[in-house]
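Right, one structure below, let's go through it.
The values are calculated or read from the model by the stated rules, or taken from the named source; none is laboratory data. Everything quoted here is computed from the prediction, not taken from an experiment. So basically every Cβ, Gly included, is an ideal-geometry build from the backbone, and we count neighbours across all protein chains shown. Please note that ligands, DNA and RNA were not included when accessible areas were found on the heavy atoms of the full protein model with its side chains. Shrake-Rupley method; radii C 1.70, N 1.55, O 1.52, S 1.80 Å.
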Amino acid sequence: MGLKGKDLLGIRELETDEIGLILDTAESLKEVSSRDIKKVPALRGKTVVNLFFEPSTRTRTSFELAAKRLSADLLNISIATSSVVKGETLFDTAKNLEAMMADIIVIRHSSSGAPDRLARRLKSSVINAGDGSHEHPTQALTDLYTIRERKGGLSGLIVTIVGDIAHSRVARSNIYALVKMGADVRVAGPPTMMPAGIDKLGVRVYHDLDEALSGADVVMMLRLQLERQGKALFPSIREYSRLYGLNSERLKFAKKDALVMHPGPVNRGVEITSDLADGVSSVIMDQVTNGIAVRMAVIYLLSAGRA
Amino acid sequence: MGNKLIMDSMGINRALSRITHEIIERNRGAQELVLIGIRRGGVDLANHLARKIKELEGIDLTIGELDITLYRDDLSSKKEQPILRKTVIPFDVTDKKIILVDDVLYTGRTIRAALDGIMDLGRPKEIQLAVMIDRGHRELPIRPDYVGKNLPTSRNEVVKVTLDQGDENRVVIEDGA
């Protein structure tokens, strides 16, 4: 039993037993990060390249630590100082990295589908670290892992995802993943942020947050992408926050032991109040810690020798 | 063709008793000892040894479970990654006397991996090796301290040790294909 493809491009293409395998493998690998010497020799001699065309702290660092804790070599290509500024195409950049014997290329790109195009033309494994508004599979797997760790399972849980569903790759990947694993998924947000036909993915759509939160086991807040959205989608940040921001009063509609999640970075006081982000229900820091184990699992599973 | 029964549950029990006595004799009791079983067969054997030591010395030994997958020397040549299982060592190995336990000793490569795995967790005072079956064909300079049975085999045979089935416990040689 292994992963079927050479790449991890999205959750949509994964089967449930592949998702289960990644989560189980991550569970075994989490122990490595609790050691004094946080390193195992499993992937000595493998090379992982971080190719990030968009800013990122969490995801890039998380992949970097994951690769290093497995003893793989890792290099970060920073786009601002690379030949991309000289006009090199994405494919040429990646082809050159492959010629340097990179085994795995981790890519983040503002265009949906960029990782997929690369994967089809390269022999190296490609991991999608977020592409446009398409998918962010390792974030969704991290979120699944965190929920499973706290709740003991995924099937039957009510999970409410709140925010800009239309433009969020985190939401899209989580919807695919949670529905596949048998969770009851609700999405909430203003109509301008709700893509047409989203209900066909097996989720229920809400425009009233209190209603969407009622009886929820997990509340997943999305970051308001202030740099992407401009002002077209809602009249003001204050109004958005009033209607769709999470605070402790609102959280009372959810189950008592509901988990509060956020993929980060948090706009404190916009989509979630500071006291909730740091409160007892919040598993935001667990998500960060677990992200390393989950990315270790993905790198480990994709590094099988291709003889 | 077919399977050959090497040890039944009685035979296994006698071997366990003898190994337990040897461990206690050599270490002058069991006070300082901890057990680490190599997943998965070694963990069953470690549990048996812990029970026997408890009977004889009245001491509950802590048992760790070690998965050696991340330390294998053939990871990069495998087409599919082996399933990872959890390593659970609920104590600090530094300055401990460790009895490392596995069901079958063969090439010695698993033990090499296990030693590296333990050393990454700390600096034990001593590591001793206990196995139920030593089937020969060593490829590394590794020898056991306690052996249930020395069993000459050919490389195409498979030795199967069952230790979690009570009266059905047994050691069997199967012809490999």
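So here's what we get for this one:
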item: Hits in the range A:213-243 (condition: modelled with pLDDT of 80 or more, open to solvent by 20 Å² or more (accessible area, probe 1.4 Å), assigned to a helix (DSSP H, G or I) and touching a helix residue (DSSP H, G or I) at 6+ places or on another chain (Cβ under 9 Å)); result: A:237, A:243
item: Within the range A:130-154, considering residues that are assigned to a helix (DSSP H, G or I) and open to solvent by 20 Å² or more (accessible area, probe 1.4 Å), the one nearest to residue A:113 (Cα to Cα); result: A:148
item: The listed residue being part of a helix (DSSP H, G or I), surrounded by 22 or more Cβ atoms within 10 Å (Cβ to Cβ), of a type outside the set (S, T, N, Q) and within 14 Å of another protein chain (Cβ to nearest Cβ), out of B:70, B:45; result: B:70
item: Unique residue being away from chain B (no Cβ under 14 Å), of a type outside the set (A, V, I, L, M) and farther than 22 Å from residue A:169 by Cβ when the list is A:57, A:81; result: A:81
item: Scan of the range A:155-185 for residues that are open to solvent by less than 20 Å² (accessible area, probe 1.4 Å) and in a strand (DSSP E or B), ordered by number; result: A:159, A:160, A:161, A:162, A:185
item: Pairs with Cβ under 7 Å, 6+ apart, first in the range A:293-304 and facing another protein chain (nearest Cβ under 10 Å), second among the hydroxyl-bearing types (Ser, Thr, Tyr) and in a helix (DSSP H, G or I); result: A:297/A:25; A:300/A:25; A:301/A:25
item: Answer from A:72, A:67 - the residue that is within 13 Å of chain B (Cβ to nearest Cβ) and buried (at least 21 other Cβ atoms within 10 Å of the Cβ); result: A:72
item: Residue within the range A:63-83 that is within 19 Å of the chain's Cα centre (by Cα), in a helix (DSSP H, G or I) and closer than 25 Å to residue B:90 by Cα present; result: yes
item: Count - residues of the range B:108-165 that are more than 17 Å from residue B:93 (Cβ to Cβ), in contact with a strand residue (DSSP E or B) (Cβ under 7 Å, 6 or more places away or on another chain), free of Cβ contacts under 8 Å to residues at least 40 places away in the same chain and not in a strand (DSSP E or B); result: 3
item: Verdict on residue A:98 being acidic (Asp, Glu) and outside any helix (DSSP H, G or I); result: no
item: Positions within the range A:251-302 being touching a Lys or Arg at 6+ places or on another chain (Cβ under 9 Å), open to solvent by less than 10 Å² (accessible area, probe 1.4 Å) and part of a loop (DSSP other than H, G, I, E, B), in sequence order; result: A:262, A:271, A:283
item: Selection from the range A:84-113 of residues that are closer than 24 Å to residue A:227 by Cβ and within 22 Å of the chain's Cα centre (by Cα); result: A:106, A:107, A:108, A:109, A:110, A:111, A:112, A:113
item: Residue count for the range B:73-106, restricted to those that are within 19 Å of the chain's Cα centre (by Cα) and at the interface with chain A (Cβ under 9 Å from one of its Cβ atoms); result: 6
item: Residue in the range A:35-42 that is at the interface with chain B (Cβ under 8 Å from one of its Cβ atoms), outside any helix (DSSP H, G or I) and acidic (Asp, Glu) present; result: yes
item: Complete set of residues in the range A:20-34 that are among the β-branched types (Val, Ile, Thr) and either touching a strand residue (DSSP E or B) at 6+ places or on another chain (Cβ under 8 Å) or within 7 Å of chain B (Cβ to nearest Cβ) (or both); result: A:25
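Here's the yes/no breakdown for (1) open to solvent by 70 Å² or more (accessible area, probe 1.4 Å); (2) more than 15 Å from residue A:302 (Cα to Cα); (3) in a loop (DSSP other than H, G, I, E, B):
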{"position": "A:1", "(1), (2), (3)": "yes, no, yes"}
{"position": "A:17", "(1), (2), (3)": "yes, yes, no"}
{"position": "A:25", "(1), (2), (3)": "no, no, no"}
{"position": "A:29", "(1), (2), (3)": "no, no, no"}
